[in-house]
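First the structure, in the form of structure tokens, and then the observations on it.
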């Protein structure tokens, strides 16, 4: 009987020890003993709820940016330069607001108790997970401005090139028409305008060369500049000869014809190439925005229905 009594005592002691150990294992910061973190969780809960609402609004702003990116891409494909410029400007304004809202939310999160030293011991794992989710989601907006800037650079270059190409063709054609009427001084003055347009195109080419293959653009510039030069030499020779077919005039005519043969039939090919460059930047920007939108949307959905654990009834005296 004495031996049985000792066995019973040993069993009771082991059961008691197991309870003590279980109690020790449920430390603050573990959801198993919510009553130990309930007060701290309740204190941070309003801030987490407000931050989740702010994140949801930020997600909505990025949704709008994604729509603007799609509209810009559609406008570029359709060659609607006015609509493209409007979408780009609206996107720039919206990104400024997104950045301001992101910074403001990050500041508010840094002021919550979860950012303090020792939060792991005071807060439940669920509260800390929600806080970490909010902080991590804000990183999704980090690359938006860079992507939109690349979009803008490519699109603006395409718009400007389109205008310069059309303007140069018009100016040189106008100079040629003036020259056929015998007004060589007027033709030379109009060719000076063509020279200025070529200079602007060269500057744009130099700006693009760091990020875009400008081989075809350079070829276009060189051939058109060579034709303008040959046409100018012809008018100078004819004016100097007083309309006579001198050897200098004949050489100038041959040079002008050779330069003309080197010109592409029109500028549509170059415009399409530059539009493709701009469209590539747009595509990448749209992809980046979509990734950011998805991250924010997923984070907002996950955080909107994640209340901190409540203390169990058994824990109350």
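Rule-based calculations on the coordinates, nothing more; no lab input. Everything numeric here is computed off the predicted structure, so don't read it as measured data. Ideal geometry is used to build each Cβ from the backbone, glycine not excepted, and the neighbour counts take in all protein chains shown.
Can you give the three extents of the C-alpha atoms in region 135-193 along their principal axes, from longest to shortest, in whole Å?
Extents along the principal axes, in whole Å: 74, 13, 6.
Once you have the Cα-Cα distance between residue 107 and residue 195, take 0.36 nm times their residue separation minus that, and quote the gain in nm to one decimal. Before the final figure, lay out the partial values.
Working: separation 88, 0.36 × 88 = 31.68 nm, distance 5.42 nm.
Stretched fully, the residue 107-residue 195 segment lengthens by 26.3 nm.
Suppose the chain between residue 149 and residue 202 were pulled fully straight at 0.36 nm per residue; how much longer would it get relative to their current alpha carbon spacing?
Values: separation 53, 0.36 × 53 = 19.08 nm, distance 2.18 nm.
Roughly 16.9 nm would be gained on extension.
Per 0.36 nm of contour for each residue apart, how much would the distance between residue 210 and residue 45 grow if the chain were fully extended, relative to their Cα-Cα spacing? Before the final figure, lay out each step's value.
Working: separation 165, 0.36 × 165 = 59.40 nm, distance 5.02 nm.
Gain in length upon complete extension: 54.4 nm.
Could you grab the relative contact order for region 54-195? Cα pairs under 8 Å, six or more apart, rounded to a whole percent.
Working: 78 pairs, mean separation 25.8, N = 142.
After rounding, I find 18 percent.
Only Cα pairs under 8 Å and at least 6 apart count here; give the relative contact order of region 171-250 as a rounded whole percent.
Numbers: 52 pairs, mean separation 22.4, N = 80.
Relative contact order of region 171-250: 28 percent.
Between residue 97 and residue 222, what is the label-to-label distance in nm when each label sits 7 Å out along the Cα-to-Cβ direction?
Between residue 97 and residue 222, the label points sit 4.9 nm apart.
Highest mean first, how do 97-109, 59-71 rank when packing is the count of other Cβ atoms within 10 Å averaged over residues? Intermediate results must be reported in sequence, preceding the final value.
Working: 97-109: 15.2, 59-71: 19.4.
Highest mean packing first, the order is 59-71, 97-109.
Express in % the proportion of alpha carbon pairs of region 156-279 at distances exceeding 20 Å. Provide the component values of the computation, followed by the final result.
Details: 3406 of 7626 pairs.
In whole percent, the long-distance tail amounts to 45.
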